[in-house]
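Participant: Have a look at this one before I ask anything.
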Amino acid sequence: MRRFTRFAEKDSMKKSLAKIKKLFLDLFFPQFCVGCNTEGFLLCKKCEKNIIKIGEQVCPSCLRLNKNGKICQKCAKNFEINGVLVGAYFEEGPIKEMIHNFKYNHALELKKNLAKIMVNALPADLKIDVITFAPLHHQRLAERGFNQAEILAQEVSKNIKIPSEELLVKTRYTKRQVGLSGKKRRTNLEGVFKVHKAESLKGKRILIVDDVTTTGATLNECAKVLKNAGVKEVWGLVVARG
Ligand SMILES: [Zn+2]
Ligand SMILES: [Zn+2]
């Protein structure tokens, strides 16, 4: 009995300490909701409710409805990726602000909300062996301090209990994809990714996590090198389509 009391005491002390820590942080580093600026949260309950999840997935190339975000037969000729699953609408609710603050304002705690949106988009019948993420060139990594896709992949991994591994490297510093046409996006990325650990990838089904996709060019280039290394299936998973 006494042991139990002691554990309980320790537990409540831990809780009080956590409360004091939170009070201290709130006092000196107040948080503001990225959606509506309300003080006290990075994402308030109201804004969380405004997130509009994708109901039906589409082919990542022609954007026609297609189950599980699978690449359609017509587009499959020019694509290596098997499909791309998208969590929510970029322009609706607080998604754009969440991603922006997560990437550029170090609101890293939003990873939990973002991963939840992604996990919700995963169909129950999708079989995955390994999770990985779109790599950043080391120069970009030094500029930003972290790879947002890697953080999201780790969070998704925790949620679905499938390991996340670094499988790809980006060998060249490329122009930002924003503002480039679809064709230029593809040539900008040609030959830029390499497989980091080609061994043990044979026959695997891989899920590549990234924050946003637009034309699917990055995910598809990643899929190309993975398939050259013997991977069986490559699926993309993103928070939103930009
Ligand atoms: Zn809010
Ligand atoms: Zn299509």
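Rule-based calculations on the coordinates, nothing more; no lab input. This structure is a prediction, so every number in the text was calculated from the model and none was measured. Cβ sites come from the backbone with ideal geometry, for glycine too, and all protein chains shown count toward neighbours.
Participant: In vacuum, with every alpha carbon of segment 94-153 counted as one equal point scatterer, what does the Debye formula give for log10 I(q)/I(0) at q = 0.26 Å⁻¹? Two decimals, please.
Facilitator: -1.15
Participant: Also, I was wondering about something else. Based on the Kirkwood radius over alpha-carbon pairs, what is the Stokes-Einstein translational diffusion coefficient of segment 33-103 at 10 °C with 1.306 mPa s viscosity, in µm²/s?
Facilitator: 116
Participant: If the rule is a partner Cβ under 4.7 Å, which cysteines in the chain fail it?
Facilitator: Lone cysteines by the Cβ rule: C36, C47, C62, C75, C222.
Participant: Right, something else. What is the angle, in °, between the Cα long axis of helix 217-228 and the longest principal axis of the Cα atoms in the chain? Nearest 10 is fine, range 0 to 90.
Facilitator: Its long axis makes an angle of about 70 degrees.
Participant: Just rank C59, C36, C72, C222, fewest to most, by other beta-carbon atoms within 10 angstrom.
Facilitator: C36, C72, C59, C222
Participant: Restricting things to alpha carbons, tell me how big segment 124-193 is in terms of Rg and Dmax, in Å.
Facilitator: 14.2, 39
Participant: Structure shown: which of K53/K161; K74/K161; K15/K53; K46/K74; K10/K158 lie over 31 Å apart, alpha-carbon to alpha-carbon?
Facilitator: K74/K161; K15/K53; K46/K74
Participant: Can you pull the three principal axis extents for the Cα set of segment 52-241, in Å, largest first?
Facilitator: Between the extreme Cα coordinates on each principal axis of segment 52-241 lie 37, 37, 36 Å.
Participant: What number, in percent, do you get for the relative contact order of segment 52-241 if the mean sequence gap of Cα pairs under 8 Å and at least 6 apart is divided by its residue count?
Facilitator: The normalised contact order for segment 52-241 reaches 26 percent.
Participant: Same structure again: Assuming a viscosity of 0.692 mPa s and a temperature of 37 °C, what translational diffusion coefficient in µm² per second does Stokes-Einstein assign to segment 50-160, Rh being the Kirkwood radius over Cα pairs?
Facilitator: D, rounded to a whole number, is 214 µm²/s.
Participant: Next up: In which sequence would Y104, Y89 go, from the one with the fewest C-beta neighbours within 10 Å to the one with the most?
Facilitator: Fewest-to-most Cβ neighbours within 10 Å comes out as Y104, Y89.
Participant: Further question: Between 0 and 90 degrees, rounded to the nearest ten: what's the tilt of helix 2-28 against the longest Cα principal axis of the chain?
Facilitator: Roughly 70 degrees, rounded to the nearest 10.
Participant: Kindly provide the helix-only [θ] at 222 nm of the chain, computed as the sum of -39,500 (n - 2.57) over DSSP H runs of four or more divided by all residues, to the nearest 500 deg cm²/dmol?
Facilitator: -11500 deg cm²/dmol
Participant: On to the next question. Would you mind checking K202/K227; K127/K232; K70/K194 for any pair whose Cα atoms are more than 19 angstrom apart?
Facilitator: Result: K70/K194 exceed 19 Å.
Participant: What's the FRET efficiency of A142 with Q31 using the Cβ-Cβ distance as r and R₀ = 30 Å, to the nearest 0.05?
Facilitator: Efficiency, rounded to the nearest 0.05: 0.65.
Participant: Which of F146, F28, F41 moves the most in a Gaussian network model of the chain with Cα springs under 10 Å?
Facilitator: Top of the fluctuation ranking is F28.
Participant: Taking every Cα atom in segment 179-233, find the radius of gyration and the maximum pairwise distance Dmax, and write them in Å.
Facilitator: Rg and Dmax of segment 179-233, Cα atoms, are 12.1, 37 Å.
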